[in-house]
Amino acid sequence: MCVGAPGVATPPDRARVWDLPTRIFHWALVVLVLGAFVSAKIGGNAMVWHGRLGLAILGLLAFRVAWGFVGSTYARFGQFVRGPAAIRAYLKGEWRGLGHNPLGALSVLALLGVLAAMAATGLFANDDIAFEGYLVPLVGGDLSGRITGIHHLLEKLLMLVVALHVGAIVFYARVKKHNLVKPMLTGWADGKPCESARGGGARAFAAAVLIALAAVWAASGALLPPPPPPPATEAPAF
Ligand code: HEM
Ligand code: HEM
């Protein structure tokens, strides 16, 4: 018999696909990435906020990686990251499933990977004026300059993968008449109730949040030794 997820009232022709943490993760990520771009373009004093937003993005990414192992069915990497055979089958129109399709999964990995690289390089970057990433003391000025260059290169890559991502969503809506945004807002997609996502309960959520907090704490420089005190100025001898 086909029944929905335990405890969830399920309409006969719909399945619960995106759990609440995945949806909050996605829309929070969109807002924070936009904020990181705007604050970096403003520069100056806004760089303090750029650093904080970057740190929050890093926390979201750490949460999502953990959730990819302990979250509910369609949020798990093991469910949607597939090999070339599955991608070929999808391209031939033979894929029937819920959640990220095998090709879309590549764009999810690209988005997560580029953002993780941006957050990581940002920690060692500097703006040549007054702001530097929280872990710059670990690498020193020269290397920090080179890492800043990589942070800038990644900006172009991020714009490319986001443009492809949003382009694909629009293509699906306009050409394939398939609205992917609604499930990312409501959690529900067309499907059978028995296909509804399971797992990813409160304990899994708490564990993923703890991992995210630990990542933010370490990335904020909390583990670095305190900076040496400024050299004592000798009193002038009169
Ligand atoms: C800064 C911009 C954006 C970033 C970094 C981003 C990132 C992501 C990521 C990482 C996922 C995978 C979700 C997961 O499994 O955790 C995703 C999925 C998704 N995003 Fe975005 N996103 C952005 C903008 C948008 C916008 C503007 C829309 C809507 C117009 C959108 C709609 C979606 C949808 C519908 C999915 C699910 C796709 C599917 O069904 O396979 N995203 N996005
Ligand atoms: C995924 C997260 C991040 C995104 C999307 C991002 C995005 C950007 C962008 C677009 C720029 C270039 C602005 C321009 O063209 O002038 C930039 C510059 C910069 N970012 Fe990030 N950033 C992130 C994380 C971080 C973090 C965590 C830090 C530090 C804690 C950081 C520190 C910097 C610094 C110091 C610059 C200035 C570089 C310069 O002026 O040459 N970023 N970031």
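Each value in this text was obtained by applying a stated rule to the coordinates, not by laboratory testing. Remember, it's a predicted structure, so these values are computed and weren't measured experimentally. Ideal geometry is used to build each Cβ from the backbone, glycine not excepted, and the neighbour counts take in all protein chains shown.
Computed values, structure above
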{"item": "Surrounding net charge for LYS41, when Lys and Arg each add one and Asp and Glu each subtract one, Cβ distance under 15 Å", "result": "-1"}
{"item": "Cβ-based charge dipole, region 19-219, positive-most Cα from LEU61, GLY43, ALA105", "result": "ALA105"}
{"item": "Debye intensity ratio in log₁₀ form over the Cα atoms of the chain, taken at each q of 0.12, 0.16, 0.18 Å⁻¹", "result": "-0.78, -1.19, -1.38"}
{"item": "Nearest 10 degrees, 0 to 90: helix 46-70 Cα axis against the chain principal axis", "result": "40"}
{"item": "Cβ charges +1 (Lys, Arg) and -1 (Asp, Glu), total dipole of the chain, debye", "result": "1320"}
{"item": "Pairwise FRET efficiency - VAL81 versus ASP128, Cβ, R0 = 30 Å, nearest 0.05", "result": "0.15"}
{"item": "Cleavage-rule hits (chymotrypsin sites (Phe, Trp or Tyr not before Pro)) in region 92-143: DSSP loop, at most 10 neighbouring Cβ within 10 angstrom", "result": "none"}
